[in-house]
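The values are calculated or read from the model by the stated rules, or taken from the named source; none is laboratory data. Please read all numbers here as calculations on a predicted model, not as lab measurements. Cβ sites come from the backbone with ideal geometry, for glycine too, and all protein chains shown count toward neighbours.
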Amino acid sequence: MNRAHNFNAGPSILPLSVLEQAQKELLDFKGTGMSVMEMSHRSKEFEAVIGEAEADLRTLMGIPENYKVLFLQGGATLQFAMIPMNFRPAGASADYVVTGTWSKGALKEAKKLGESKVVYTGEADNFNRVPKQSELTLDPNAAYLYYTSNETIHGVEFTGEPTPPANVPLICDTSSDFISRPVDVSKYGMIYAGAQKNAGPSGVVVAAIREDLLNRIPANLPAMLDYNIQVAGGSMHNTPPTFSIYMVGLVFKWALGLGGLTEVQRRNEEKANVVYSAIDSSGGFYKGHATPESRSKMNITFRLPNEDLENQFASEAKKLNMIGLKGHRSVGGMRASVYNALPLESAKFLAEFMAEFQRKNG
Ligand SMILES: *Cc1c(COP(=O)(O)O)cnc(C)c1O
């Protein structure tokens, strides 16, 4: 077996021990004679799977009692529309912090459905940083303040959360830095993540929603788009993505087993530092896209002196089993995604390759 040094941005690397457990349980999950994929979502065995996944996430993130946890479908992208449909009453406006492709995408959906204000945009600088609190022009009457804690494509990440005006709920897309560090969930009206960056396979979104927000939801939303119906159905209004829920549950247990999010964060910072040091010690051969104080610990975006070298870098890296380093076309250059499950050895292997590549081509 030759596991890749997997720097994919999403879907992305999963912990080896999680994959091995899923493999072990694939033909016979806990004596049922079938895999989780093959059983009824109404069975007591699956009820236990989803129940444990929720309980473990509550422990891992310290989710308070007055929050509902949901497992939803349609990806993070469907949340871009569901959030305004559910939480922005008719005639009200919502505030958006625009720091990259994903928050811009969320804004675009919200605008189709009603009034939305841009309280900051980093577009003029091709989204190379996140704003300071003082740069936000916030509406005290906004239905909510929306932001993206980590921009997967541009590689910029908030270190703390923006502070909304009193009584304005904060809503966060944490898809690509989900369970990567401790978060104070009580500061949020809603926090959600598509699983496939840091927590499992694609097909499921994990969300925590403060209960009082559920009172705002208009009547007569289509059932699948109505958080109240999802809550009432225990995330099983229809058939949920059972295998994806099982997998995120295994990842939550893995993170708890490491010692929780403080330890996960320590590991992530160590890995990110290894790669950023390779950039910073290159004398300008490698140039980070993000300004140093906004650097993402999850998606490290950088450029080489020209595109030919960038293509050569990606193809030589691939020959050494380093996969997924080509950046998104909107930023260009390279992107190393160093999510929770990436081993430190892979980050070190990349850093050594970067130094060697520069020696040969610099
Ligand atoms: C990947 C990503 C999305 C989109 O996720 P889908 O599951 O493909 O809809 C949204 N937000 C962020 C921050 C992402 O990284």
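Would a scan of region 236-247 turn up a residue that is under 19 Å from the mean Cα position of the chain (by Cα) and among the small types (G, A, S)? Yes, there is a match, as at least one residue in region 236-247 is under 19 Å from the mean Cα position of the chain (by Cα) and among the small types (G, A, S).
Name the residues in region 134-171 that are touching a helix residue (DSSP H, G or I) at 6+ places or on another chain (Cβ under 8 Å) and among the small types (G, A, S), would you? Listed by number, the list holds a single entry, A143. In region 187-200, the residues that are without any contact (Cβ under 8 Å) to a residue 24 or more places away in the chain reach residues that are within 9 Å of the ligand (Cβ to nearest atom) and part of a loop (DSSP other than H, G, I, E, B) with C-beta atoms within less than 7 angstrom, at least six apart or across chains, in these pairs: I191/T174. Among all residues of region 214-222, there is none that is within 16 Å of the ligand (Cβ to nearest atom), at pLDDT 95 or above and in contact with a helix residue (DSSP H, G or I) (Cβ under 8 Å, 6 or more places away or on another chain).
Table: residues versus (1) under 23 Å from K104 (Cβ atoms); (2) touching a residue at least 40 places away in the same chain (Cβ under 8 Å).
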position: Y286; (1), (2): no, yes
position: H289; (1), (2): yes, yes
position: M298; (1), (2): yes, yes
position: E307; (1), (2): no, no
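One residue stands out in region 153-183 among those that are closer than 27 Å to K253 by Cβ and not in a loop (DSSP other than H, G, I, E, B): the one that is nearest to the chain's Cα centre (by Cα), namely D173. Scoring Y144 on the criteria (1) in contact (Cβ under 8 Å) with a residue 24 or more places away in the chain; (2) farther than 23 Å from A92 by Cβ leaves a single failure, condition (2).
Checking the condition in the same structural domain as V156 (by TED's automatic domain parsing), within 13 Å of the ligand (Cβ to nearest atom) and under 26 Å from P201 (Cβ atoms), which residue from T77, T99 passes?
T77
On the stretch given as region 49-74, residues that are within 13 Å of the ligand (Cβ to nearest atom) and more than 13 Å from A208 (Cα to Cα) total 2. Once region 168-197 is narrowed to residues that are over 27 Å from S116 (Cβ atoms) and surrounded by 22 or more Cβ atoms within 10 Å (Cβ to Cβ), the residue that is nearest to the ligand (Cβ to nearest atom) is S180. A94 meets the conditions (1) assigned by TED's automatic domain parsing to the domain that holds P222; (2) of a type outside the set (K, R); (3) buried (at least 20 other Cβ atoms within 10 Å of the Cβ); (4) under 25 Å from R181 (Cα atoms) in every case but one. The failed one is (4).
The test for being surrounded by fewer than 24 Cβ atoms within 10 Å (Cβ to Cβ), assigned to a loop (DSSP other than H, G, I, E, B) and within 14 Å of the ligand (Cβ to nearest atom) holds for P201.
The set of residues from region 102-152 being within 15 Å of the ligand (Cβ to nearest atom) and either assigned to a strand (DSSP E or B) or of a type in the set (A, V, I, L, M) (or both) comprises A106, L107, A110, V130, Y146, Y147, T148, N150, E151.
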